[in-house]
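Pasting a structure here, questions to come.
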Amino acid sequence: AKSQGPATLQMFNKEMSTRAAKTLSLQNRLRRAVENAELSAHYQPQVDLSTGAVIGMEALVRWQSPELGMVSPADFIPVAEESGLIDAVCEFMLDVCAHQNKEWQDQGLPAIPVAVNVSGRQFQYARRLLSACERVLATSGLDRRWLELELTESSAMRDADNAIAVVQQLKEMGIGCAIDDFGTGYSSLSVLKRFPIQKLKIDRSFVMDITTDPNDAAIVDAIVAMAKALKLKVVAEGVENQEHLDFLRGLGADQIQGYFFSRPLPADGMRQLLAEGRKL
Ligand code: C2E
Ligand code: CA
Ligand code: CA
Ligand code: CA
C-alpha cells in the first residue's frame with residue numbers, strides 16, 4: 001500500500017498555513033477596524049432583584065466589518081489578545097463608554113455604572129490600563145464611581161498576586177472591579193477573599209441548566225453563600241427565562257443580566273430603556 005504519510009502531512013501543512021493566513025488577515029482587518037471606527041459598544045442592562053430597577057450595564061464590543069459583516073467578540077478578542085491589539089480595543093471601549101455614560105447623565109437619565117471588560121494581559125502590564133482609565137475619566141468628566149471593570153476569574157487567578165495589586169490600585173482610584181465568569185476558574189476561597197472586589201458574576205454555563213441539573217443548582221447555591229460570606233454582590237449572567245429568574249431569586253442572587261430582561265442593546269436602545277425607566 002502507498003504510504004499516506006506525505007499526503008496527510010501536506011494536507012496538514014496546507015491547513016495550518018491557511019489557518020495562520022486567516023488569523024493574519026483577521027489581525028490586519030482588526031487593526032484597520034480600530035483605525036476606521038468599525039467598532040462600537042453595545043450595552044446590556046443589569047437588574048436588581050429586590051427592586052426590579054436597572055442598576056448597571058455591561059459594555060460589549062461589536063465589530064461591524066465591511067468585508068466580514070458582524071464579527072463576534074468571541075472570535076476577534078482572542079486575536080486581539082495575541083496580537084497586542086487588545087489594548088487599543090479596550091481603550092476604545094473605555095473612551096466610548098465613559099463619554100456615553102456622562103452624556104446620558106447630563107441628559108438627566110438615571111446614573112448607573114458602566115462595566116468594561118478587560119483581558120488578563122492588560123492586568124499583566126497594568127500601567128497602561130491604569131493611565132487609560134485616568135485619561136478617559138478626565139476627558140469625559142464622568143465621576144469615577146460610574147466606571148467599573150470586569151476581569152475573568154481565570155485571568156484573575158493566573159497571577160493572583162499581581163491581579164490583587166492591580167485591583168487594589170483601581171480601588172484606590174475609585175474604580176470598582178467585578179470577577180467575571182465565576183465558577184469556571186478554580187479559585188480557592190483563600191485567594192478570592194484577598195481580592196478587593198465588590199461583585200462576582202456567575203458564569204452563564206451554570207445558569208443555563210440551573211432548573212434541571214441539580215449539580216449546577218448546588219454550585220450556584222454554594223457560590224451565592226460564599227459571596228455573601230465575603231460580602232460581595234452576586235450577579236447571575238445568562239438569565240433567559242422566568243424559571244431561571246425564580247430559581248436564582250430563591251437562591252438569594254442579588255442581580256441578574258440576560259436575554260430575559262434585555263439583550264445587549266446599541267446605544268440608542270440602552271438610552272431609551274433608561275429613559276422609560278423600564279423595570280423587571
Ligand atoms: P462575557 O463578558 O461573559 O459577556 C457576556 C456574553 O453573554 C455576551 O456575549 C452577551 O451577549 C452574552 N449573553 C448575555 N445574556 C445572555 C443570555 O441570556 N443568553 C446567552 N446565551 N448569552 C447571553 P458577547 O457580546 O458575544 O461577548 C462574548 C465575550 O467576549 C464576553 O463574554 C467577553 O468575554 C468578550 N468581550 C466582549 N466585549 C469585550 C471587550 O470590550 N473587551 C474584552 N476584553 N472582552 C470582551
Ligand atoms: Ca463580562
Ligand atoms: Ca461573563
Ligand atoms: Ca462567559
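The values are calculated or read from the model by the stated rules, or taken from the named source; none is laboratory data. All figures in this text were calculated on a predicted structure; none of them were measured in a lab. Glycine also receives a Cβ, built like all others from the backbone with ideal geometry; neighbour counts cover every protein chain displayed.
Within region 246-268, restricting attention to residues that are assigned to a helix (DSSP H, G or I) and free of Cβ contacts under 8 Å to residues at least 60 places away in the same chain, which residue is farthest from ligand 3 (Cβ to nearest atom)?
Asp268
Here's the yes/no breakdown for (1) within 21 Å of Arg144 (Cα to Cα); (2) within 13 Å of ligand 4 (Cβ to nearest atom); (3) among the aliphatic types (A, V, I, L, M):
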site: Ile179; (1), (2), (3): yes, yes, yes
site: Ser187; (1), (2), (3): no, no, no
site: Ile202; (1), (2), (3): no, yes, yes
site: Phe206; (1), (2), (3): no, yes, no
site: Pro214; (1), (2), (3): no, no, no
site: Ala217; (1), (2), (3): no, no, yes
site: Val220; (1), (2), (3): no, no, yes
site: Val224; (1), (2), (3): no, no, yes
site: Leu232; (1), (2), (3): yes, no, yes
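Sort out which residues of region 234-273 are buried (at least 20 other Cβ atoms within 10 Å of the Cβ) and away from ligand 1 (no atom under 16 Å from the Cβ), and write them in order of number.
Asp254
When you scan region 112-158 for helices (runs of 4 or more DSSP H) that lie fully inside it, which ones turn up with 3 or more residues that are within 16 Å of ligand 4 (Cβ to nearest atom) and modelled with pLDDT under 95?
Because the criterion is at least 3 residues that are within 16 Å of ligand 4 (Cβ to nearest atom) and modelled with pLDDT under 95, the helices (runs of 4 or more DSSP H) in region 112-158 that meet it are 153-158.
I want to confirm something. Restricting to region 90-131 and keeping residues that are over 19 Å from Met173 (Cα atoms) and of a type in the set (Phe, Trp, Tyr), which single residue is nearest to ligand 2 (Cβ to nearest atom)?
Across region 90-131, the extreme among qualifying residues is Phe92.
Would you confirm, using the coordinates I've provided, whether Val79 is of a type in the set (Val, Ile, Thr), modelled with pLDDT of 95 or more and either on the phi < 0 side of the Ramachandran plot or within 16 Å of ligand 4 (Cβ to nearest atom) (or both)? Lay out the reasoning, then the answer.
Working: of a type in the set (Val, Ile, Thr): yes; modelled with pLDDT of 95 or more: no; either on the phi < 0 side of the Ramachandran plot or within 16 Å of ligand 4 (Cβ to nearest atom) (or both): yes.
Answer is no for this residue.
Given Met70, Met57, which one is over 29 Å from Leu248 (Cβ atoms), in a strand (DSSP E or B) and hydrophobic (A, V, I, L, M, F, W, C)?
Among Met70, Met57, only Met70 is over 29 Å from Leu248 (Cβ atoms), in a strand (DSSP E or B) and hydrophobic (A, V, I, L, M, F, W, C).
Given the structure, is Ile223 within 16 Å of ligand 1 (Cβ to nearest atom), aliphatic (A, V, I, L, M) and in a loop (DSSP other than H, G, I, E, B)?
When the stated conditions are applied, Ile223 does not pass them.
Can I ask one more? What number of residues within region 159-186 satisfy the criterion of being within 13 Å of ligand 3 (Cβ to nearest atom), touching a helix residue (DSSP H, G or I) at 6+ places or on another chain (Cβ under 6 Å) and either assigned to a helix (DSSP H, G or I) or closer than 13 Å to Lys199 by Cβ (or both)?
3
Could you check, for region 1-23, whether at least one of its residues is under 30 Å from Pro113 (Cβ atoms) and either in contact with a helix residue (DSSP H, G or I) (Cβ under 9 Å, 6 or more places away or on another chain) or at pLDDT 70 or above (or both)?
No, because not a single residue in region 1-23 is under 30 Å from Pro113 (Cβ atoms) and either in contact with a helix residue (DSSP H, G or I) (Cβ under 9 Å, 6 or more places away or on another chain) or at pLDDT 70 or above (or both).
Now a separate question. Based on what the data block shows, is Ser40 in contact (Cβ under 8 Å) with a residue 24 or more places away in the chain and either closer than 21 Å to Tyr125 by Cβ or within 20 Å of the chain's Cα centre (by Cα) (or both)?
yes
Limited to region 67-98, what total is found for residues that are under 14 Å from His42 (Cα atoms) and more than 17 Å from the chain's Cα centre (by Cα)?
Count: 1.
Could you say which residue among Glu58, Glu35 is within 21 Å of the chain's Cα centre (by Cα) and of a type in the set (D, E, K, R)?
Testing whether each residue is within 21 Å of the chain's Cα centre (by Cα) and of a type in the set (D, E, K, R) leaves just Glu58.
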